[in-house]
Amino acid sequence: MEENLELALQRLFGGKKAVAVATTETTADQKASPAALAREAMSIYEKAVTLQRQGNWAGYGEELRRLEQVLKRLAQ
């Protein structure tokens with residue numbers, strides 16, 4: 001089980017690549033400023049609302065998961 005579908009598929013079919021991608025993203029995200037994280041959170045929120053209006057519930061759920069990740073980083 002992975003954080004999202006993309007990482008799960010990479011792990012299933014690509015082996016170690018999923019771990020390397022997740023590590024790289026985490027390292028880059030830790031250096032983001034609070035203002036940058038707030039902008040990212042707003043962008044994700046807007047995309048989630050758009051997906052919700054379109055009835056794309058899978059995409060909406062994925063964006064909410066991403067928003068949760070950004071908010072957790074912002075709270076650190």
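The values are calculated or read from the model by the stated rules, or taken from the named source; none is laboratory data. These numbers were taken from a predicted model, which means no experiment stands behind them. Glycine gets a Cβ as well: all are built from the backbone with ideal geometry, and neighbour counts include every protein chain shown. The protein model used for the area step is the full one, side chains on, heavy atoms only, and it has no ligands, DNA or RNA in it. Shrake-Rupley method; radii C 1.70, N 1.55, O 1.52, S 1.80 Å.
Each label was represented as a point 7 Å from its Cα along the Cα-to-Cβ direction; for A75 and M42 these points are 2.2 nm apart. Alpha-carbon geometry of segment 36-76: the Rg and the Dmax are 10.2, 33 Å, given in that order. Rounded to the nearest Hz, the phi-derived 3J(HN,Hα) couplings of segment 44-55 under the Karplus curve 6.51 cos²θ - 1.76 cosθ + 1.60 (θ = phi - 60°) are 5, 4, 4, 5, 4, 5, 4, 5, 4, 5, 7, x, where x marks glycine and proline. Ordered from highest to lowest accessible area with the whole protein assembly present and a 1.4 Å probe, R53, R66, R11, R39 read as R53, R39, R11, R66.
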